[in-house]
Amino acid sequence: MGVTAPVISEILQRAADGGRITPDEALLLYTEAPFHALGEAADTVRRRRYPDNIVTYIIDRNINYTNVCVTACKFCAFYRAPKHAEGWTHGTEEILRRCAEAVDLGATQVMLQGGHHPDYGVEYYEELFSAVRDNYPGLVIHSIGPSEVLHMAKVSGTSIEEAITRIKAAGLASIAGAGAEMLPDRPRKAIAPLKESGARWLEVMTVAHRLGISSTATMMMGTGETNAERIEHLRLIRDVQDKAVANGYSVEADLAGTVGGFRSFIPWTYQPENNHLKGRTQATSLEYLRLVAVARLFFDNIPHLQSSWLTTGKDVGQVSLHLGVDDLGSIMLEENVISSAGARHRSRLTELIEIIRGADRIPAQRDTQYRHLKVHWTEADDPTDDRVQSHFSSIAIPGGGTGRSLPLTPAPVNS
């Protein structure tokens, strides 16, 4: 690396010490920094933030209310166009039945997701969220994303502010980072030309944060974006979080989680099956792991970093725990969107615990706001319920699996 080695070392040290790095410096680290030095710096940040050595997980269920969508993203294998023979919509009774199963298995969160149905405005979501809240008040509704907010506001003829205010009153507690994919204009237009711009996605998140709803931020790697565009995606998110922190909406400003801001960053990799892109995943495991480490160094204002074992595999997920990651995400009792594009990595809760322990970390079940519900300080504290496994894909069943109970098939132990 010649003359760049001292420069890289200085940037790594500054970031490890908690200093801010620029996008150009982040790009240099992503493309040139020695892997082990990059990982060591990122893990230094994690240890400073979380000296208890705890890695968290959550139990939840992703429930899709419809697969009908007018957006037609090229990377999506889940959606069906309006009037398509394979399109379906679940009624409230079916959604509540699935919530009941999730609660029985220890879930504390539900993610309600669906396509941009041409008929679903704010009123539909008010009815859906209030039904879940009223029947299962202990189940946190971490759902939809900015794309759905913009769509429902358009259908109902309301502002973003009114739409968010109304669905928050109906029970929405947190907005998912869904729909971010790639925020820079060029790659976003290439893969989702009918979807809102990255700027609009960020605008919705900014409004949500101002209105007291915290959220997650995501990134999909591997659809032809450049390294510079990956770092630009990070910059756009950090800039929005800076606004939240400056205005007192930071998650870290209120441990009760009642204010807005991004709680975590979750990068994942494009899955190439059954969609119009039809390409091989262009983000290798090494590229993914390097991005994870750079994200921990770059996001000095976002508390948590989650890796996506669902898309990259459990082995990569475990390695990521040495690169700044403090959360392994969820045992998703049901997941359809990424699964339909080819993601087949599954896990039991007991196996996820083993992965965390194998990385010399202490597992802990968390809630939506990252508060610890159960810390498994010793192996004697570990859960033993083998029923808690991910993930059942209901769209493999005609009509979206209406009336079918969890689980249909056991998840392989060594998948």
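Annotations
- Prolate/oblate/rounded call for the range 78-160, Cα gyration tensor, a/c under 1.5 rounded: oblate
- Listed cross-link partners Lys314/Lys374; Lys243/Lys314; Lys243/Lys374; Lys83/Lys154; Lys168/Lys243 are compared with a 28 Å cut-off, the Cα-Cα value being larger for Lys243/Lys314; Lys243/Lys374.
- Sorting His209, His322, His84, His304 by the number of Cβ atoms found within 10 Å of their own Cβ, with the fewest placed first, yields His84, His322, His304, His209.
- Across the range 20-171, counting alpha-carbon atoms alone, Rg and Dmax equal 20.3, 54 Å.
- Residues Ile8, Ile141 in ascending order of nearby Cβ atoms (within 10 Å, fewest first): Ile8, Ile141.
- Neighbour counts of other Cβ atoms within 10 Å put Lys374, Lys168, Lys195 in the fewest-to-most order Lys374, Lys168, Lys195.
None of the figures in this text is laboratory data; all of them are computed from the coordinates on show. Everything quoted here is computed from the prediction, not taken from an experiment. Heads up, the Cβs are rebuilt from the backbone with ideal geometry, glycines too, and the neighbour counts pull from every protein chain shown.
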